Structures are given as structure tokens and as C-alpha cells.
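Read-outs throughout are calculated quantities, based only on the coordinates presented, and are distinct from any laboratory measurement. These figures come from a predicted structure and were not determined experimentally. Using ideal geometry, Cβ is built from the backbone for each residue, glycine included, and neighbour counts are taken over all protein chains shown.
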Amino acid sequence: MDKSILAYKSSELFPQIKTFSTSRQTIAGEARPRYTGIPEQVTGVNRQKLAEVLDLDARQLVFPRQTHTRSVVRLSGIPTDELHDTDALVTNKPGICLCVQTADCVPLLIYDPVKNVIAAVHAGWRGTVGLIVKQVLDQFKSHYSSSSQNIRAIIGPSIGPEKYEVGNEVVEAVMKSVPNPGLSLKKHPSGKYHFNLWEANRQILLKCGVLNENIEISGRCTYTEKEFLFSARREGIETGRLVSGIMLLNG
């Protein structure tokens, strides 16, 4: 795969799926690419460029308009209208590339190789404490009869625990809703708490019955890898976005 694209073990273990995350270098010449939330002619060009890198048709790339909700949308085909206020996509149909865009939040890519169901999830601190991952797994179980023990999950690049300082609102929400909060919240000598989004989402997955050995954590920090990854906390909210995607392949 192109060196500007991050690959995951799941794509090697299961050739029937495609998984990836982009980097700053994925779209040559585009300093701060975004894929929703800006003029359609710009996002259309960006999606076309990304599709060419991925060797896909741009129409296969499905992006929701993310707003830090717990909303999960199941797709039976490529939607004709934009998906508003949506932070997770689920499908069992091949040829639909489910995408989320991030610049510090956690992208999660989830796959059931037995039932052939996939999901792409956007989880910042609000989505994490809102247990959006549990919402997705509930959909896997109720609509596709998935078993937790078969599910594979990828936790992609996001701001790492050493750089993600949070305030009392986040600390209180984590303590209230995230399993084993002491594993994902650490108090630094400064007196401020740091939140480990990777560990928090791992704990939620484990609580939902996903096996530890089936969880892949990228461990790439968007804040520290400034030459390779976008970070809203480092560069401001108007920076570019990374794309993480998953697709069932035909056949």
C-alpha cells in the first residue's frame, strides 16, 4: 500500500476487507483536506483524489456529517443524501467504503468476519463517554446476529494520553460511564488529568465482550506526529482531517 496510507493487520488477516487511515501526505498538493462541512465542490475534489489513491470510485466513499453524537446509521446501499448528525456507519453490503474523518478524535473500524458486517466510528471524548462503540456493537448483535467473540476492532490514530489534558467536565463523565476509569484517567504532577482515549475505548469493547486479542491499537498520536498526522489541538479546528475507512470487498 502507498506509504502515505496507514495499513492495519485486519486487512492482512482478512483479505475480504479493506481498512486504512490516511495521513497528511495522502492527497498530494492539498494542505488541509476535508471531506464534509465545506463547499461541496471542494469536498468532491478531495474525495475524488482520495478515491484515486485507494483505487476506488469516489461514489463508494460514504462520509457522515459528524457532530459528536451517539447516532448510528445502518446502510443497505450508498445513500443519495448526506447523513446529518451521524457518527457511526454500519453495513453488511460489499463495495461501500464507510469513512470517518478525525484530527484528534478516535476512529474505530469494526468487523465481524463471520457475519460479514463492518462499521466505522468517530469517537471523541463525547462519543467515548456516550458509549457510541457499545451502540454499534448492539446494532451488530440485534440486526446481524453477531457474537462479540468474533468481532475485530481497530482503534486508529488520535491524540495520545500524554498530550490529552482534560478538564473536570470530561473527568466526571469518564468516571460515570467508562468501565475501569482509573485505567484511562491519569492525574499528572501539574494536578491536571490526562485522558487515554485508546484505553477508554478498549475498556468499552472488552466490557461488550470483544476479546482483547481481537483489538488492534494503532498507538499513533496525532498531536506528536506533526509531520504525518493532523491535530486540531495543535493546529486549530480548521486544520485538515485524516480519513479512516473500512469496506467489504466483492467476492
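For residue 186, a cut-off of 18 angstrom between C-alpha atoms picks up these aspartates and glutamates, skipping any fewer than 8 places away in its own chain: 162, 165, 169, 172, 199. Only the Cβ atoms of Lys and Arg (+1) and of Asp and Glu (-1) were treated as charged; on that basis the dipole of the range 115-227 about its Cα centre amounts to roughly 200 debye. Counting only DSSP beta bridges with both residues in the chain, what percent are antiparallel, rounded to the nearest 5? Around 75 percent of the beta bridges assigned by DSSP in the chain are antiparallel ones. Think of the chain as having a plus end and a minus end, set by charges on the Cβ of Lys, Arg, Asp and Glu; of 193, 63, 44, 193 sits farthest toward the positive end of this dipole. A straight Cα-to-Cα reach below 14 Å connects residue 226 with the aspartates and glutamates 104, 235, residues fewer than 8 places away in its own chain not being considered.
Modelled spin labels at residue 213 and residue 238, positioned 7 Å past Cα toward Cβ, are 5.0 nm from each other.
Among the trypsin sites (Lys or Arg not before Pro) found in the range 11-96, those both in a DSSP coil and sparsely packed, with 15 or fewer other Cβ atoms within 10 Å of their Cβ, are 65. For the range 173-239, what is the charge dipole size about the Cα centre, in debye to the nearest 20, if Lys and Arg each add +1 at the Cβ and Asp and Glu each add -1 at the Cβ? With Lys and Arg at +1 and Asp and Glu at -1, about 400 debye. Placing unit charges on each Cβ (+1 for Lys and Arg, -1 for Asp and Glu) gives the range 1-145 a dipole about its Cα centre, and among 116, 4, 28 the Cα reaching farthest toward its positive end belongs to 116. For the chain, the equivalent ellipsoid derived from the Cα gyration tensor has semi-axes of 26, 23, 16 Å, listed largest first. For the range 25-138, the Cα gyration tensor yields ellipsoid semi-axes of 23, 17, 13 Å (square root of five times each eigenvalue, largest first, whole Å). Looking at the square roots a ≥ b ≥ c of the eigenvalues of the Cα gyration tensor of the range 182-241, which shape do they give, rounded for a/c under 1.5, prolate if a/b is larger than b/c, or oblate? Oblate is the answer for the range 182-241, as a/c is 1.5 or above yet b/c matches or exceeds a/b. Placing +1 on the Cβ of every Lys and Arg and -1 on the Cβ of every Asp and Glu, with nothing else charged, gives the chain a dipole about its Cα centre of roughly 400 debye. When exposed loop sites are taken as GluC sites (Glu not before Pro) in a DSSP loop with at most 10 other Cβ atoms within 10 Å, the longest stretch of the chain clear of them is 1-226.
My understanding is that a pair violates if its Cα-Cα distance is over 19 Å; which of 115/141; 9/163; 18/141 do that in this structure? Long pairs (Cα-Cα over 19 Å): 9/163; 18/141.
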